[in-house]
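Everything below concerns the one structure shown next.
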Amino acid sequence: MAQETVTADVGDVAITFETGKLAKQANGAVVVRSGDTMVLVTATGSRSPRPGADFFPLTVDVEERMYAAGKIPGGFIKRESRPSEKATLTARMTDRPIRPLWPKGYRNETQIVSTILSTDQVNAHDTLSINGASAALMISDLPFLGPIGAVRIGLIGDDFVVNPTLEEIEEGDLDLIVAGSKDALSMVEAGAVEVDEETILQAFEIAHEEIIRLCDAQLELQKKAGKPKWEFEAEEVDEKLLAKVEKAVGKDLSEATREQGKLERRDKIADLKAAAREKILGDEPEAEEAAAVGKAFDSLTKSIIRKRIAVDKERPDGRGATEIRPIECDVSVTPRTHGSGLFTRGETQVMTLLALGTTREAQRLDGLGIETTKRYIHHYNFPPFSVGETGFMRGPKRRDIGHGALAERALLPMIPSEEEFPYTLRLVSETLESNGSSSMASVCGSSLALLDAGVKIERPVGGVAMGLIKEGDEYVVLTDIQGDEDHLGDMDFKVAGTTEGITALQMDIKITGVTMDIMRDALAQAREARMFILDTMGKTIDGPREEMSAYAPRISSIKIDPDRIGALIGKGGETIRGLEEDYAVEISVDEEGHVNVYGAEGPKADEAVEVIRSLTKDVEVGDTFNGAKVVKTTTFGAFVELTKGTDGLLHISNLSTGRVDKVEDIVSRGDTVNVRVFEVDKDRGRIGLRMLGEDGEEIVSEGAPNGDGGDGEGGGGGRRRRRRRLSTTE
């Protein structure tokens, strides 16, 4: 195969597609490159359907290789193991826009593998994976109905940036990935900082212009290097069999689909499916015949529900197109977690629980991105009991990771900075019931949990899922879709945000694309729904609690002079470890002098903060040091350690109200004393001290007016005053 290359200029960045050099035994293989970021994407498929499959068995894998960034994997084994969260999310984004673009009834095993060969940590590899998957399928002999293109849009200040760098993404207010065909949009994934709907629509329009260029480049590559496509006839439902099913159970099925309870509706429909099979085929049907009847039954069920929604404007549970299911909110539902929120919307219920920890507990990221740690973590769980089923529980699935990342993205702009709130936050959303949009219920429940914990988020975030039923040129956009409307509908469009704007978007479709008019209608309906949901949440808790949970760790922050960090740490870490042990706290300090003190007991943490403040501050006149240690005695006084590396002189004349012949008569090395600073001479490097009595008052010698000493060693002027006293006595 000859080597072929095409280039598309997207924004200010050139994206190249190359084939014919690598992985030539795959059905299609393309290297897509932007800058020094390179991704090899292969497409491989079976020529025959998977036996018994009633779905399209498409698999997408993204392989992040650490060598791509010149790194060696962390850990003991030094080999990449399970995919990172970023790799899983990229695989999902690659899957979603290409999955609908296959002939109806296609059941052949198909696999896309994206291998990250090189990354310059400037150009993102996720959109390259999507474009590469489409290009590999286009030049392959698989019957893919593409192409699709994918582009990222950023918002830096008031300017849209096409395919921004990774650093620009971090700085901007919008990180939007859009995929689509030359005619319409098919996938959206976005995080935003309260961006309004009109700005989002403008970004969609800009993205689609760039998508057309990417599609044209892939069509050019197909002309140069494409293989002839396999012939495949879409499998159609037997019309005669469909008529038999309708005659046998059609009337009863129409009534069963009106049952409002999800489980009751599911059971009634399942019973009717079995009844139709028995009426048409008898007691012991052949497996192939039974499957054909089941397919006809499913087609009739889908047709009844879709027609009722699109034509009769009647949803399965009787709601109007813009009506939201009943909502219930609760907080403080668990006693020991640091915050908890329970959000119920119809038959969807999610409980989010919050645990606060120290910044040392932030998640370390071992991947190809520029981030190395993450202090705000959101996890999502979807146990089988939430849909009334049994099943294996073997860790999070890709869907669970994706839903957790979506909720995390939605709330991230509202989380206070580490300087304002020096905690690591882990939110876990437990799906207890599910009948549509549990990810958006996770967003709502998480806002409740954060407010319950006293986290000073800027504003609560709410979310809702929008659906679509499209028949020809007619369509209806549905607010707050439930399970059947998602399963049988044409779109799942999740929108999360605050009263001020959108913070996250995610859209998947099952048709070839949606128009800008549909997107505009969906965003407008979603905004109305979001305002209603946020208002309902506000009736339960309208702001962060003033006091945090008694079981939450107490974290205090202070800023010290960076030059004094050494005094806090001490030789070999001796000082900081001693403080942690003495006060049962954890202490962290960064290069700029930000010190965080974490303690399970508030009073001890406060004491530790005061000690750190005294250790690291410059000594000033009037400062009091209680329990200061005597480190040396001389003939003219005692040296007292005020902070690590800083001593002051307690002159002999300031040890007692009466005459003192010998310093050791009053204090010895190792004793602790209470002293106050009365003199600081920075030029001469001396600090003068006075002893404090039990009443906290300074002890002044009768023979030393004002208690001042002379010019003895180390400061305080003690030696010179002592000589004057002796001459007077003689």
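The values are calculated or read from the model by the stated rules, or taken from the named source; none is laboratory data. Not measured: the values here are computed from a predicted model. Please note: Cβ atoms are built from the backbone with ideal geometry, for glycine as well, and neighbour counts cover all protein chains shown.
Given the conditions (1) more than 30 Å from Ala605 (Cα to Cα); (2) surrounded by fewer than 18 Cβ atoms within 10 Å (Cβ to Cβ), report the number of the one that Asp561 does not fulfil.
If we test Asp561 against (1) more than 30 Å from Ala605 (Cα to Cα); (2) surrounded by fewer than 18 Cβ atoms within 10 Å (Cβ to Cβ), just (1) comes out false.
In the range 481-498, what count of residues is obtained for those that are within 27 Å of Val195 (Cα to Cα) and either among the hydrophobic types (A, V, I, L, M, F, W, C) or in contact with a Ser or Thr (Cβ under 7 Å, 6 or more places away or on another chain) (or both)? Reasoning before the result, please.
Taking the range 481-498 and keeping what is within 27 Å of Val195 (Cα to Cα), we get 481-482, 486, 490-498.
Imposing the further condition that a residue be either among the hydrophobic types (A, V, I, L, M, F, W, C) or in contact with a Ser or Thr (Cβ under 7 Å, 6 or more places away or on another chain) (or both) reduces the set to 481, 491, 493-497.
The qualifying residues number 7.
Which ones in the range 605-660 are of a type in the set (D, E, K, R), under 21 Å from Gly566 (Cβ atoms) and in a loop (DSSP other than H, G, I, E, B)?
So in the range 605-660, the residues of a type in the set (D, E, K, R) come out as 606-607, 610, 613, 617-618, 620, 623, 629, 632, 641, 644, 647, 659.
In the following step, the residues that additionally are under 21 Å from Gly566 (Cβ atoms) were identified as 610, 613, 617-618, 620, 623, 629, 641, 644, 647.
If the condition is that a residue be of a type in the set (D, E, K, R), under 21 Å from Gly566 (Cβ atoms) and in a loop (DSSP other than H, G, I, E, B), then Lys617, Asp618, Glu620, Asp623, Lys644 are the ones that fit.
For every residue, the table says whether it meets (1) among the basic types (Lys, Arg); (2) surrounded by 16 or more Cβ atoms within 10 Å (Cβ to Cβ); (3) in contact with a strand residue (DSSP E or B) (Cβ under 6 Å, 6 or more places away or on another chain); (4) under 30 Å from Val461 (Cα atoms).
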{"residue": "Lys539", "(1), (2), (3), (4)": "yes, no, no, yes"}
{"residue": "Ser549", "(1), (2), (3), (4)": "no, yes, no, yes"}
{"residue": "Pro553", "(1), (2), (3), (4)": "no, yes, yes, yes"}
{"residue": "Glu574", "(1), (2), (3), (4)": "no, no, no, no"}
{"residue": "Arg577", "(1), (2), (3), (4)": "yes, no, no, no"}
{"residue": "Tyr583", "(1), (2), (3), (4)": "no, yes, no, no"}
{"residue": "Asp590", "(1), (2), (3), (4)": "no, no, no, no"}
{"residue": "Glu601", "(1), (2), (3), (4)": "no, no, no, no"}
{"residue": "Ala605", "(1), (2), (3), (4)": "no, yes, yes, no"}
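Taking Glu18 as meeting all but one of (1) under 20 Å from Val151 (Cα atoms); (2) touching a helix residue (DSSP H, G or I) at 6+ places or on another chain (Cβ under 8 Å); (3) crowded, with 17+ Cβ neighbours inside 10 Å; (4) at pLDDT 95 or above, write down the number of the exception.
Looking at each condition in turn, Glu18 falls short on (2).
Go through (1) free of Cβ contacts under 8 Å to residues at least 60 places away in the same chain; (2) outside any strand (DSSP E or B) for Leu406 and report which single condition fails.
(1)
How many residues does the range 156-181 hold that are outside any strand (DSSP E or B), over 18 Å from Leu505 (Cα atoms) and without any contact (Cβ under 8 Å) to a residue 40 or more places away in the chain?
Of the residues in the range 156-181, 5 are outside any strand (DSSP E or B), over 18 Å from Leu505 (Cα atoms) and without any contact (Cβ under 8 Å) to a residue 40 or more places away in the chain.
Within the bounds of the range 250-270, is there any residue that is aliphatic (A, V, I, L, M), exposed (fewer than 14 other Cβ atoms within 10 Å of the Cβ), free of Cβ contacts under 8 Å to residues at least 60 places away in the same chain and closer than 30 Å to Pro143 by Cβ? First the steps, then the outcome.
We begin by selecting, within the range 250-270, every residue aliphatic (A, V, I, L, M); these are 253, 256, 263, 269-270.
Cutting the leftovers down to exposed (fewer than 14 other Cβ atoms within 10 Å of the Cβ) gives us 263, 270.
Next cut, free of Cβ contacts under 8 Å to residues at least 60 places away in the same chain only: 270.
Add one more test, that the residue is closer than 30 Å to Pro143 by Cβ, and what stays is none.
No, every residue in the range 250-270 fails to be aliphatic (A, V, I, L, M), exposed (fewer than 14 other Cβ atoms within 10 Å of the Cβ), free of Cβ contacts under 8 Å to residues at least 60 places away in the same chain and closer than 30 Å to Pro143 by Cβ.
Any residue in the range 188-198 that is closer than 30 Å to Thr503 by Cα, under 36 Å from the mean Cα position of the chain (by Cα) and assigned to a helix (DSSP H, G or I)?
Our first condition is that a residue be closer than 30 Å to Thr503 by Cα; within the range 188-198, this holds for 188-198.
Filter once more, keeping what is under 36 Å from the mean Cα position of the chain (by Cα): 188-198.
Imposing the further condition that a residue be assigned to a helix (DSSP H, G or I) reduces the set to 197-198.
For the range 188-198, residues closer than 30 Å to Thr503 by Cα, under 36 Å from the mean Cα position of the chain (by Cα) and assigned to a helix (DSSP H, G or I): present.
Among the residues of the range 621-629, is there at least one that is surrounded by fewer than 12 Cβ atoms within 10 Å (Cβ to Cβ), within 19 Å of Gly685 (Cα to Cα) and in contact with an Asp or Glu (Cβ under 9 Å, 6 or more places away or on another chain)?
Initially, the range 621-629 is screened for residues surrounded by fewer than 12 Cβ atoms within 10 Å (Cβ to Cβ), giving 621-622, 627.
Pick out the ones that are also within 19 Å of Gly685 (Cα to Cα) and you get 621-622.
Add one more test, that the residue is in contact with an Asp or Glu (Cβ under 9 Å, 6 or more places away or on another chain), and what stays is 621.
Scanning the range 621-629, I find at least one residue that is surrounded by fewer than 12 Cβ atoms within 10 Å (Cβ to Cβ), within 19 Å of Gly685 (Cα to Cα) and in contact with an Asp or Glu (Cβ under 9 Å, 6 or more places away or on another chain), so the answer is yes.
Residues in the range 229-242: is at least one in contact with a Pro (Cβ under 6 Å, 6 or more places away or on another chain), under 24 Å from Pro51 (Cα atoms) and of a type in the set (D, E, K, R)?
So the first thing to find is which residues in the range 229-242 are in contact with a Pro (Cβ under 6 Å, 6 or more places away or on another chain), and the list is 229-230, 232, 234.
Retained after the next criterion (residues that are under 24 Å from Pro51 (Cα atoms)): 229-230, 232, 234.
With of a type in the set (D, E, K, R) added as a condition, the list becomes 229.
Yes - at least one qualifying residue is present in the range 229-242.
For the range 279-311, which residues satisfy the criterion of being among the acidic types (Asp, Glu) and either surrounded by 14 or more Cβ atoms within 10 Å (Cβ to Cβ) or under 39 Å from the mean Cα position of the chain (by Cα) (or both)?
Here is the first cut: in the range 279-311, the ones among the acidic types (Asp, Glu) are 283-284, 286, 288-289, 298.
Scanning the range 279-311 gives Glu289, Asp298.
Can you tell me which of (1) modelled with pLDDT of 90 or more; (2) in contact with a helix residue (DSSP H, G or I) (Cβ under 6 Å, 6 or more places away or on another chain) is the one Glu259 doesn't meet?
Single failed check for Glu259: (1).
Can you name the number of the only condition in (1) under 16 Å from Ala179 (Cβ atoms); (2) of a type outside the set (Asp, Glu); (3) surrounded by 24 or more Cβ atoms within 10 Å (Cβ to Cβ) that Arg99 fails?
(3)
Out of Ala274, Ala270, which single residue is under 18 Å from Leu488 (Cα atoms) and among the small types (Gly, Ala, Ser)?
Working: Ala274 fails: under 18 Å from Leu488 (Cα atoms).
None of the other options fit; the residue is Ala270.
For the range 248-270, which residues satisfy the criterion of being farther than 25 Å from Gly105 by Cα and either of a type in the set (D, E, K, R) or not in a helix (DSSP H, G or I) (or both)?
Correct list: Lys251, Asp252, Glu255, Arg258, Glu259, Gln260, Gly261, Lys262, Glu264, Arg265, Asp267, Lys268.
If you go through the range 692-707 one residue at a time, do you hit one that is of a type in the set (A, V, I, L, M, F, W, C) and either outside any loop (DSSP other than H, G, I, E, B) or at pLDDT 80 or above (or both)? Lay out the reasoning, then the answer.
Step one: of the range 692-707, the residues of a type in the set (A, V, I, L, M, F, W, C) are 692, 699-700, 704.
Still in the running and either outside any loop (DSSP other than H, G, I, E, B) or at pLDDT 80 or above (or both): 692.
Within the range 692-707 (the criterion being of a type in the set (A, V, I, L, M, F, W, C) and either outside any loop (DSSP other than H, G, I, E, B) or at pLDDT 80 or above (or both)), the answer is yes, since at least one residue qualifies.
Of the conditions (1) at pLDDT below 95; (2) surrounded by fewer than 24 Cβ atoms within 10 Å (Cβ to Cβ); (3) out of contact with any Leu (no Cβ under 6 Å at 6 or more places or on another chain), Ser186 fails just one. Which one is it?
For Ser186, the exception is condition (2).
Go through the range 355-371 and give me each residue that's closer than 24 Å to Tyr598 by Cα and either surrounded by 23 or more Cβ atoms within 10 Å (Cβ to Cβ) or out of contact with any strand residue (DSSP E or B) (no Cβ under 7 Å at 6 or more places or on another chain) (or both).
Within the range 355-371, the subset closer than 24 Å to Tyr598 by Cα is 355-365.
Matches in the range 355-371: Leu356 only.
Could you check Ala234 against (1) modelled with pLDDT of 95 or more; (2) over 19 Å from Val10 (Cα atoms); (3) assigned to a loop (DSSP other than H, G, I, E, B) and say which number it fails?
The failed condition is (1).
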